Amino acid sequence: MLFLRDFWRRHRRKIFVTSGVLGGGYLLYKLYDAQRQAADLESQQREHDELIKAQMQAHFENVQRIADATTLPHAINYINSRIAEELDLSQLTEKLMRGKEHPNSLSASKKLELWDRLKILSFTRMVVSLWAVTMLSLYIRVQVNILGRHLYIDTARGLGSSHLVEDDDPIDSDDEQKFLASVDFLPNYGMQTLVSNILVAATEVLKGKQLRDIFNAAVLQETVTQILEMFMSTGSPHQWVDFLMPGDARLYQLATVSSNENILSDVSKFDQLIMETRAVLSSAEYRSVVEISFKAAVDALVDEMGVQSGGSIVSGIPLAKLVPRIAQIVPCLLDEPSKNRFIQTIRSIPEVELFFTLLYANMSTS
């Protein structure tokens with residue numbers, strides 16, 4: 001006992017120091033081990049997130065390819081046929097041709113009336129085509145971005161991501177196809193009202209322009225822009241959205257499926273996709289994208305008109321000679337996407353690309 005007391009007295013400081021070193025070493029080891037485990041978990045989470053992004057990107061690109069290769073070409077082709085039905089100029093041109101061959105068959109006033117009608121309908125057809133191809137190309141890109149968000153959520157859920165904050169039903173292939181097919185709403189349900197509204201705008205803008213008036217590139221650009229702006233400002237600020245998509249997805253679903261199909265289980269998801277799309281289209285940011293796209297499309301239209309006229313539009317030509325050229329440019333506006341100068345022009349606008357990049361990024365992380 002005395003030996004232990006003596007040993008403790010003589011070596012107490014060393015024991016304290018040794019204990020402190022051992023204890024500190026143990027704590028440092030535990031701290032290091034905790035940090036190592038945290039780093040391993042963080043590394044695993046990063047790898048997991050990268051896997052989610054890779055799988056989601058692959059599916060997203062597949063949807064984009066489907067939209068570019070199938071949805072947009074189909075939509076443009078369908079719009080082309082519907083515009084031809086709603087704005088058939090053949091009867092007017094035939095009457096004017098007969099009047100040219102048989103001068104006495106038409107009075108001067110009747111001939112002037114026919115020319116005035118052809119002038120207004122030609123501009124209407126051109127602006128409807130320009131509006132439709134611009135809006136459809138943008139609308140389908142919005143659809144793809146919204147699908148991308150849902151695909152991100154579904155992929156993350158399937159891989160057990162811990163970052164999900166939403167309790168949402170997964171989107172299946174039927175939902176996806178029905179949503180992309182909603183692009184047919186414009187030709188099926190919105191076309192007649194679209195044509196009638198643009199016709200009113202064209203009539204108002206052109207009422208003071210005579211067939212003998214000289215139209216150069218600047219006048220043509222101003223005229224088309226005025227028609228577009230007057231149409232877009234008609235009614236409520238977002239009235240034009242109703243031409244592109246259904247206001248009530250449930251009614252649209254009931255109108256586009258056969259009566260014996262059971263759609264009740266799918267309506268909720270489709271309705272959600274449509275509401276998300278409408279929210280994007282109704283935003284101030286999207287309106288800016290639309291205005292920028294229209295300006296670029298009108299510039300491309302005037303350039304194309306200059307090419308087709310051999311440059312005569314630059315110095316100016318009488319409106320009477322411009323009207324037939326307007327009819328000739330419509331097929332270029334509604335050409336297939338891979339050859340369509342106007343669609344390519346819209347896609348190359350930096351502000352448009354930035355909008356969709358930010359939209360996709362925000363949707364993927366929301």
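The values are calculated or read from the model by the stated rules, or taken from the named source; none is laboratory data. Worth saying up front: this structure is predicted, and the values here are computed from it rather than measured. Every residue, glycine as well, gets a Cβ built from its backbone with ideal geometry; the counts of neighbours run over all protein chains shown. Side chains included, ligands, DNA and RNA excluded: accessible areas come from the protein's heavy atoms. Shrake-Rupley method; radii C 1.70, N 1.55, O 1.52, S 1.80 Å.
Which residues, taken from region 81-104, are of a type in the set (Asp, Glu) and part of a helix (DSSP H, G or I)?
Passing the criteria: Glu85, Glu86, Glu94, Glu101.
Can you name the residue in region 87-105 that is under 41 Å from the mean Cα position of the chain (by Cα) and of a type in the set (Asp, Glu) and, of all such residues, is farthest from Val195 (Cα to Cα)?
Looking at the filtered set, the residue picked out is Glu94.
Give the residue, chosen from Ser265, Ser364, that is loosely packed, with under 12 Cβ neighbours inside 10 Å, modelled with pLDDT under 95 and assigned to a helix (DSSP H, G or I).
Just one listed residue meets the conditions, Ser265.
Within region 214-234, how many residues are farther than 14 Å from Val302 by Cα and exposed (fewer than 15 other Cβ atoms within 10 Å of the Cβ)?
Going through region 214-234 one residue at a time, the tally reaches 4.
Give Ala84, Ala108 a once-over and let me know the one that is hydrophobic (A, V, I, L, M, F, W, C) and open to solvent by 80 Å² or more (accessible area, probe 1.4 Å).
Going through Ala84, Ala108 in turn, the sole match is Ala108.
Ala296: touching a helix residue (DSSP H, G or I) at 6+ places or on another chain (Cβ under 6 Å) and open to solvent by 10 Å² or more (accessible area, probe 1.4 Å), yes or no?
Answer is yes for this residue.
Can you name the residue in region 154-163 that is of a type outside the set (Ser, Thr, Tyr) and either open to solvent by 10 Å² or more (accessible area, probe 1.4 Å) or modelled with pLDDT of 90 or more (or both) and, of all such residues, is farthest from the chain's Cα centre (by Cα)?
Per the stated criteria, the residue is Gly160.
Rundown of residues vs (1) among the hydroxyl-bearing types (Ser, Thr, Tyr); (2) touching a Cys at 6+ places or on another chain (Cβ under 7 Å); (3) at pLDDT 90 or above; (4) within 27 Å of Ser236 (Cβ to Cβ), yes/no style:
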site	(1), (2), (3), (4)
Thr256	yes, no, no, yes
Asn260	no, no, no, no
Gln272	no, no, no, yes
Ser293	yes, no, yes, yes
Val314	no, no, no, no
Ser348	yes, no, yes, no
Thr357	yes, no, no, no
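Looking only at residues in region 316-354 that are outside any helix (DSSP H, G or I) and not acidic (Asp, Glu), which one is surrounded by the fewest Cβ atoms within 10 Å (Cβ to Cβ)?
Ser348
I'm trying to understand the selection: among the residues of region 316-346, which are modelled with pLDDT of 90 or more, within 30 Å of Asn145 (Cα to Cα) and not β-branched (Val, Ile, Thr)?
Pro331, Cys332, Leu333, Leu334, Asp335, Glu336, Pro337, Lys339, Asn340, Arg341, Phe342, Gln344
Answer with yes or no whether Lys95 is open to solvent by less than 20 Å² (accessible area, probe 1.4 Å), within 23 Å of Gln210 (Cβ to Cβ) and among the basic types (Lys, Arg).
no
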